[in-house]
Every structure is written in structure tokens, then in C-alpha cells.
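Just below is one structure, and these are the notes that go with it.
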Amino acid sequence: MEKVRIGIICPSEIAFRRFMPAIQKCESAEYIGVAHANANEWYGDSNPDEKLILSEKEKAENFQKEYGGKVFDSYADLLSSDDVDAVYLPLPPALHYRWGKKVLEAGKHLFLEKPSTISFETTKELTEIAEENDLALHENYMFQFHSQIDLIKKEIEKGTIGEVRLYRIAFGFPFRGKNDFRYNKELGGGALLDCGGYTVKLASILLGETAEIYVPKLNYRDDLDVDIYGSATMINDSGVTAQLSFGMDNSYKCELEVWGSTGTIFTNRILTAPVGFEPIVTIKNAEGEKNITLSADDSFKKSIEKFVECIEHEDVRKQTYSEILKQSEFIDKFERK
């Protein structure tokens, strides 16, 4: 199969800083160009902010200076281009449904930044459109492709720490300022949809298909209209439990601890290991304590490669639809309880 030709809707920071270096390393995909919104796509009939539009265009031109490719002068231009097979969509979460639907209706495969959308119903609609049109839909929880996940699962399966009694997953970071989209409800902000989604995703991977959410709790600040931190418990049919905690007005944590009947496994960059970082997994049991330093990995590159697999193989596409729906259902249940 020829390389999948990918365009980007919105010259965002994560697209520039993470996606672009990753796609340069991919043998199965190539970058075509980036689109900035025109005034109508951003503002409709309201008065546009010309400075913001100019800033967006300048960011797109910076992509071209750094990485080549084409600058599309509107999202619509990119969606109508015969040179683009697939779209990477790193817009704020509240815009994922609107533009994700347009991508799929244009016949393009869709690589979405997490979360898929801000509601189960809209996520379900996107998966249905994708499936009806044999299009790939991939949600970029890239941490799941890092090699440290496989190592930890293998150590658990080997019985290195006996039977698992508890997973403890924590992910939080300091307040980033009110101008950050994460603190804006209209843009799909909130700790659950951001760092909380990571903890739910990892717990569902570790607990398996029968995992369910119990005792969810979201907490707020008086000066903001989004949830700032939260916690929950997830339990599978075997009674194995995961305790989740997350927040975006917290001291930094990104930890997984697996507590077993005869030992523990711990790592402190389970969700955010960057390119070039060598994770250290600490295992304690009756034989003592050992630190395993893993090779550096590129989880973003692997996520793009998984997206290509979705495009090429129907069974992978269908599995991915199911995983995206399951994640969205967990978040929906969290919000309703």
C-alpha cells in the first residue's frame, strides 16, 4: 500500500511539537499540509477577531517553514483536496464532533486527539459514520503503545508480584492559567475530559472488558465552571480494583502502582513518557528490589502507525470503534453518577 497522506486541521502546539516529528519517522504515512480556519469557519456570522485569524495563519506558515508541505487557507480546502487521504484533528475537544463529522463526510480517515468528543452520543455518531463508510477512526491515547505497558503486563502475567490486589493510577499537573482551553467549558475543558480520561483508559486496559466505574467524584473551584480534580474506583468481574485520581490544579504526578500478593510494580511516567525518555520500572518482591531501565520509545509514532493499520485492516478498524465507544461510555457514566 502507498503511504497514507495526512493533512492537519489547525496548526496547534501538539501538532507542531509532537505529531510532526513523529510522522517524519513513519514509513507508512506522510505529511501533506496544514489548514488554518478562515473567518467564517471560526466565527460564522459574528464579528471575527482579525488578530487571531492572522496568528493562526502565521502558525500554519511556520509549519511550512519547518516541515514543508502545503498551507490550506481554510479547513474546507483541506477536506476537498484529492491530495489528502486522512486528517489529524487536534482542535479543542468541544470542536471534535463538528469537524470530525465533516472529515468523515468528506470521505477522509480521521485521527482524533483525545477525547473523541465530549459526549457518548456524538462519539457514537462518529463511529457509525466511519463504519458505514469503511473509514478509520482513531483516538490518540498514545501512551498505550509505549513499550513499558507491555513490560508491566508481562511481569504481572509471569506472577512476579503474585496475584494483583490493586492498581493505583494518578495523573495531575499544576494550574496552567485560565486562558488554557482546559479551563474553558465552551471548548470542552475539565479535568475528566483531559487528565482523567488517561486514568480511565489505562484502568480499562489493565482491568479488561468487564471493568466498571464506581464512586466517581468531580471537584470544582468557585472561580471556574469546569471540574478541576476528581477520583473514582474501577472494578472488574474478578474483583480486581483500580483507584483513579486526577487533577489540573495539583502538584505533578503521573504514576502507576500495581500492588500484588507478593510484591509491587511502580513507574512514574506511565502516561507521558516523551521521545528519548528511558522509563524506570521498580519491582519489589521477596527477591528484593530491582529497577528496570527500558529503552526509549516513540508512542506518538506508534499511534500513527496504529491509525494506518486501522485504514488497511477492517478487523482493526472494528476493534478500534469498540474501544473508542467503551472509553466514551466510561466518561459518560462518570459524569452521570
Inspect the stretch 163-172 for any residue being within 21 Å of the chain's Cα centre (by Cα) and under 30 Å from Trp99 (Cβ atoms) and give the result as yes or no. yes
Residue under question is Asn179, and the condition is that it be free of Cβ contacts under 8 Å to residues at least 40 places away in the same chain and not in a strand (DSSP E or B); does it hold? yes
Lone unmet requirement of (1) crowded, with 20+ Cβ neighbours inside 10 Å; (2) in contact with a Pro (Cβ under 9 Å, 6 or more places away or on another chain); (3) farther than 27 Å from Gly69 by Cα for Ile152: (2)
Counting only residues that are of a type in the set (D, E, K, R) and under 16 Å from Ser303 (Cβ atoms), the stretch 9-24 contains a total of 2
Report yes if some residue within the stretch 291-301 is more than 21 Å from Lys158 (Cβ to Cβ) and in contact with a Gly (Cβ under 6 Å, 6 or more places away or on another chain); otherwise report no. yes
Has the stretch 262-277 got any residue that is surrounded by fewer than 17 Cβ atoms within 10 Å (Cβ to Cβ) and aromatic (Phe, Trp, Tyr)? yes
Restricting attention to the stretch 113-135, and to residues there that are of a type in the set (S, T, N, Q) and assigned to a loop (DSSP other than H, G, I, E, B), which single residue is surrounded by the most Cβ atoms within 10 Å (Cβ to Cβ)? Ser116
Only one of Lys301, Lys284, Lys318 that is within 15 Å of the chain's Cα centre (by Cα) and either not assigned by TED's automatic domain parsing to the domain that holds Ile161 or not aromatic (Phe, Trp, Tyr) (or both): Lys301
I'd like to check something: does the stretch 194-210 contain any residue that is in contact (Cβ under 8 Å) with a residue 40 or more places away in the chain, surrounded by 21 or more Cβ atoms within 10 Å (Cβ to Cβ), among the hydrophobic types (A, V, I, L, M, F, W, C) and not in a helix (DSSP H, G or I)? no
Among (1) in a strand (DSSP E or B); (2) out of contact with any strand residue (DSSP E or B) (no Cβ under 6 Å at 6 or more places or on another chain); (3) within 25 Å of Asn219 (Cβ to Cβ), the one test that Ser251 misses: (1)
May I ask you to say which residue of Ile292, Ile213, Ile280, Ile235 is of a type outside the set (Gly, Ala, Ser), in contact with a strand residue (DSSP E or B) (Cβ under 8 Å, 6 or more places away or on another chain) and buried (at least 20 other Cβ atoms within 10 Å of the Cβ)? Ile213
Conditions (1) in a helix (DSSP H, G or I); (2) within 14 Å of the chain's Cα centre (by Cα); (3) more than 22 Å from Arg336 (Cα to Cα): number failed by His138: (1)
Picked from the stretch 248-296 (must be touching a residue at least 24 places away in the same chain (Cβ under 8 Å) and hydroxyl-bearing (Ser, Thr, Tyr)), the residue nearest to Arg18 (Cα to Cα) is Thr272
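The values are calculated or read from the model by the stated rules, or taken from the named source; none is laboratory data. For clarity, every value in this text was computed on a predicted model and none was experimentally measured. So basically every Cβ, Gly included, is an ideal-geometry build from the backbone, and we count neighbours across all protein chains shown.
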